[in-house]
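Every read-out reported here was derived from the displayed coordinates using simple, explicitly stated rules and does not represent laboratory data. Here the structure is a predicted model, which is why all the values come from computation and not from measurement. Cβ placement follows ideal geometry from the backbone for every residue including glycine, while neighbour counts extend to all protein chains displayed.
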Amino acid sequence: MVGVFIIIDICSPPCEDGSVCRYGSCRCISNDTEYRSGSDCSDVTECMGGCLNGGTCVIGGECRCLKEYTGVNCETYTGCPCLNNGRCVESVCNCVINETGMFMGDLCQRFTFIYPCYPPVLNGGFYSVGVIYCPYDDIGYFHGDQCEKYSFKNCSSNCIEPEVCLEEGCSCPYNLTERRFTYTNDNGRCNETYYM
């Protein structure tokens, strides 16, 4: 048997003038001319002259203006205050991101550098935290700053399973397709695996 529960919010006293009852309490809804408060939203503070250009009346009978406006009643257009080529969209600054980093903050005032992978990694290589992992196969391996060079394996000693022969000699294996890496444990053997 499936039970259906219907939750009915009851506010006592009932909420006034379009305010909403949620979990037994009134959520007061203010607008451009008045601020509502109190347990039933019956306390009203007016904003003299009303708030213009999308402004909202707040506690104390003052107007809270969108970022682009100022003045007692939000009557003066100041333009978009976003810095560093940020754009105002519904009173929020959309900040710029480029190949070197991104601007952040309410007004796009802080720059955060993003460490890029320069030059880009080729041939299915993988870049992670300043380290480039180049792919290898049974015959050879890619290497170089971009994994752009291919060389045949030439290890002076035979590698012991599961080690593989790479540029620097015998090394723990990794699978770039699955982003799976095997690393050396405290005993010097390849047997611990982690995924990126």
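Restricting the GluC sites (Glu not before Pro) of segment 51-110 to loop positions (DSSP other than H, G, I, E, B) with no more than 11 neighbouring Cβ atoms within 10 Å leaves GLU90, GLU99.
Each residue, ILE59 and CYS159, gets one label point 7 Å from its Cα in the Cβ direction; the gap between the two is 6.6 nm. Panel order for TYR141, TYR150, by other beta carbons found within 10 Å of each beta carbon, from fewest to most: TYR150, TYR141.
Extension gain for the segment ASN85 to LEU122, taken as residue separation times 0.36 nm less the Cα-Cα distance, is 10.0 nm to one decimal. Would you mind classifying segment 1-94 by shape? Square roots of the alpha carbon gyration tensor eigenvalues, ordered a ≥ b ≥ c; an a/c under 1.5 is rounded, otherwise it is prolate if a/b is larger than b/c and oblate if not. Cα axes put segment 1-94 in the oblate bin.
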